[in-house]
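Chemist: After the structure tokens below, expect a handful of questions from me.
Derivation of every value follows stated rules applied to the coordinates shown; laboratory data play no part. If you're wondering where the values come from, they're calculated on a predicted model, not measured in any experiment. Quick reminder, even Gly has a Cβ in these numbers, built from the backbone with ideal geometry, and neighbours come from all protein chains shown.
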Amino acid sequence: MVSEKILKQISLKGKVALVTGAASGIGFGIAKRLAEAGANVAILDINEEKGKDAAKEIEKIGVKVKFYKCDVTSSSQCKEVVEKVYRDFGRIDILVNNAGVIVRKDVVETTEKEWDLVLGVNLKGVYLVSRYVIPYMVKNGGGSIVNIGSGWGLKGGPKAAAYCASKGGVVNLTRAMAIDHGKQGIRVNCVCPGDIDTPMLRSEAAQLGVDLNEFLKEAADRPINRLGKPEDVANAVLFLVSDLASWITGAILVVDGGGLA
């Protein structure tokens, strides 16, 4: 039997979570898991149709869920949407910066427009949304932020120059944010997934012009011999935003089936 103390520490009942890039893939998995733990959830994504569908699906859990269309590279949109979330929910306790894109090219092949897109979504987006959420967390007396990095934010990868640069930035930005905002009661951590079976991962095979089945088979070749699932990342995020992790900040948690081991 699980003790009431443990259940209380993992529960997010009464808290409000904002998750970016939550219309599908890892972001949707995270938003759903946090809702299952009792949190009310604000879903941010640039894809309005999928975002609304995601909100309807999560609503079935029995918590308050609302979708907001937002381009995380736009300062004005981020500011406006975060203000709306605070008005609609009355507080923001949890922020998960998950929105991301990938371009599978080396430095020479990557256009300036592609570089700006990847750095804009993956790194600038973390900065912008955090910039507008943190003051509300301070007003509430604290909060928890989880930035979604990547194994390729800790080591290099082939034909992913902009992506590796952006995720490396996310990893060290996490540490800087943890130092700056710890005394305000805000914990900031980073989860670095390996290859997770999502539409974005499958799009990489097309970008590289390789066979999808072979690509996925190679991606699953790791000590725990399978691709990751969004739930694998979501469980790590749930732990980090819960009271079970109350003395953890500035940490980089690798969730990759042993790929970096």
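Chemist: Return the Rg/Rh value of the stretch 146-261, two decimal places, where both radii are evaluated on C-alpha atoms and Rh is the Kirkwood radius.
Modeler: Details: Rg = 15.2 Å, Rh = 15.0 Å.
We get a ratio of 1.01 for the stretch 146-261.
Chemist: Just the Kirkwood number for the stretch 119-163, please: inverse of mean 1/r across all distinct Cα pairs, in Å, one decimal.
Modeler: Numbers: mean 1/r = 0.0807 Å⁻¹.
Mean inverse Cα-Cα distance, inverted, gives 12.4 Å.
Chemist: Here's something else I'd like to know. Can you show me the helix-derived [θ] at 222 nm for the chain, built from DSSP H runs with n ≥ 4 at -39,500 (n - 2.57) apiece and divided by the number of residues, rounded to the nearest 500. Could you put the intermediate results ahead of the total?
Modeler: Values: 10 runs with 121 residues, N = 261.
That comes out to -14500 deg cm²/dmol.
Chemist: How do T20, T110 rank when sorted from fewest to most other Cβ atoms within 10 Å of their own Cβ? Mind dumping the intermediate values first?
Modeler: Values: T20 30, T110 20.
The fewest-first ordering by Cβ neighbours comes to T110, T20.
Chemist: What trypsin sites (Lys or Arg not before Pro) does the stretch 179-230 have in DSSP loop regions with at most 15 other beta carbons within 10 Å? Mind showing how you got there, number by number?
Modeler: Numbers: sites: K183, R187, R202, K217, R226; in loops: R226.
Those satisfying the criteria are R226.
Chemist: Continuing with this model, one more query. Percent of alpha carbon pairs in the stretch 209-252 separated by more than 17 Å? List each step's numbers first, then the result.
Modeler: On the way: 509 of 946 pairs.
Tail of P(r) above 17 Å: 54 percent of Cα pairs.
Chemist: Right, here's the next one. Give the calculated FRET efficiency between S246 and D116 to the nearest 0.05, with a Förster radius of 45 Å applied to their Cβ-Cβ distance.
Modeler: 0.75
Chemist: Could you check the spin-label model distance between K155 and L208? Points 7 Å from the Cα along Cα→Cβ, value in nm.
Modeler: Output for this residue pair reads 1.5 nm.
Chemist: Moving to a separate point now. Regarding the stretch 4-255, what's the average projected area of the Cα-atom convex hull, expressed in nm²?
Modeler: Numbers: hull surface 53.6 nm².
If I average the Cα hull's projected area over directions, I get 13.4 nm².
Chemist: Run the dipole for the chain about the Cα centre, Lys and Arg Cβ at +1, Asp and Glu Cβ at -1, nothing else charged, and hand back the magnitude in debye, nearest 20. It would help to have the intermediate numbers written out before the result.
Modeler: On the way: 34 positive and 30 negative charges, 197 e Å.
Using Cβ point charges on Lys, Arg, Asp and Glu, the chain gives about 940 debye.
Chemist: How are the Cα pair distances of the stretch 37-92 distributed, in percent, across 5 Å bins from 0?
Modeler: It works out to 4, 21, 28, 24, 17, 5, 1, in whole percents.
Chemist: Tell me, in nm to one decimal, what length is gained between V138 and E57 on full extension, where the rule is 0.36 nm per residue of separation less the Cα-Cα distance?
Modeler: Values: separation 81, 0.36 × 81 = 29.16 nm, distance 3.09 nm.
The V138-E57 span can extend by a further 26.1 nm.
Chemist: Right, here's the next one. Once you have the alpha carbon radius of gyration of the stretch 60-122, what is it after dividing by 2.2 N^0.38 Å, with N set to its residue count? If you can, show how the numbers build up before the last one.
Modeler: Numbers: Rg = 15.8 Å, N = 63, 2.2 N^0.38 = 10.6 Å.
Its radius of gyration relative to the 2.2 N^0.38 Å reference: 1.49.
Chemist: What are the trypsin sites (Lys or Arg not before Pro) within the stretch 26-116 that DSSP puts in a loop, where the Cβ has at most 10 other Cβ atoms within 10 Å?
Modeler: Working: sites: K32, R33, K50, K52, K56, K60, K64, K66, K69, K79, K84, R87, R91, R104, K105, K113; in loops: K60, K64, R91, R104, K105.
Loop-located and lightly packed - K60.
Chemist: With Cβ to Cβ distances under 11 Å as the rule, what net charge do the other residues near A236 carry (K, R +1; D, E -1)? Display every interim value, and only then the final one.
Modeler: Numbers: positive: R33; negative: E231, D232, D256.
Once all neighbours under 11 Å are counted, the net charge is -2.
Chemist: Give the calculated FRET efficiency between K8 and D221 to the nearest 0.05, with a Förster radius of 41 Å applied to their Cβ-Cβ distance. Numbers along the way, then the final one.
Modeler: Values: r = 40 Å, r/R0 = 0.98.
Step by step, r from the Cβ atoms, then E = 0.50.
Chemist: Can you give me the relative contact order of the chain as a percent, contacts being Cα pairs under 8 Å and 6 or more apart? Can you show the working numbers first?
Modeler: On the way: 529 pairs, mean separation 53.0, N = 261.
Reported as a whole number, the value is 20 percent.
Chemist: In the calculated pair distance distribution of the stretch 42-182, what percentage of Cα-Cα distances lie above 19 Å?
Modeler: Numbers: 5452 of 9870 pairs.
The answer is 55 percent, as a whole percent.
Chemist: Taking amide H atoms as placed 1.01 Å from N in the peptide plane, list the residues 5 or more away in sequence, or in a different chain, whose amide H sits under 5 Å from that of A37.
Modeler: Sorted by chain and number, the residues that satisfy this come to none at all.
Chemist: Helix 199-208 versus the longest principal axis of the chain: what is the Cα-based angle in degrees, 0 to 90, to the nearest 10?
Modeler: The angle comes out near 20 degrees.
Chemist: Let me ask something else about it. Please report, in whole Å, how far the alpha carbons of the stretch 99-174 spread along each principal axis, starting with the longest.
Modeler: Computed over the stretch 99-174, the largest-to-smallest principal extents equal 46, 24, 15 Å.
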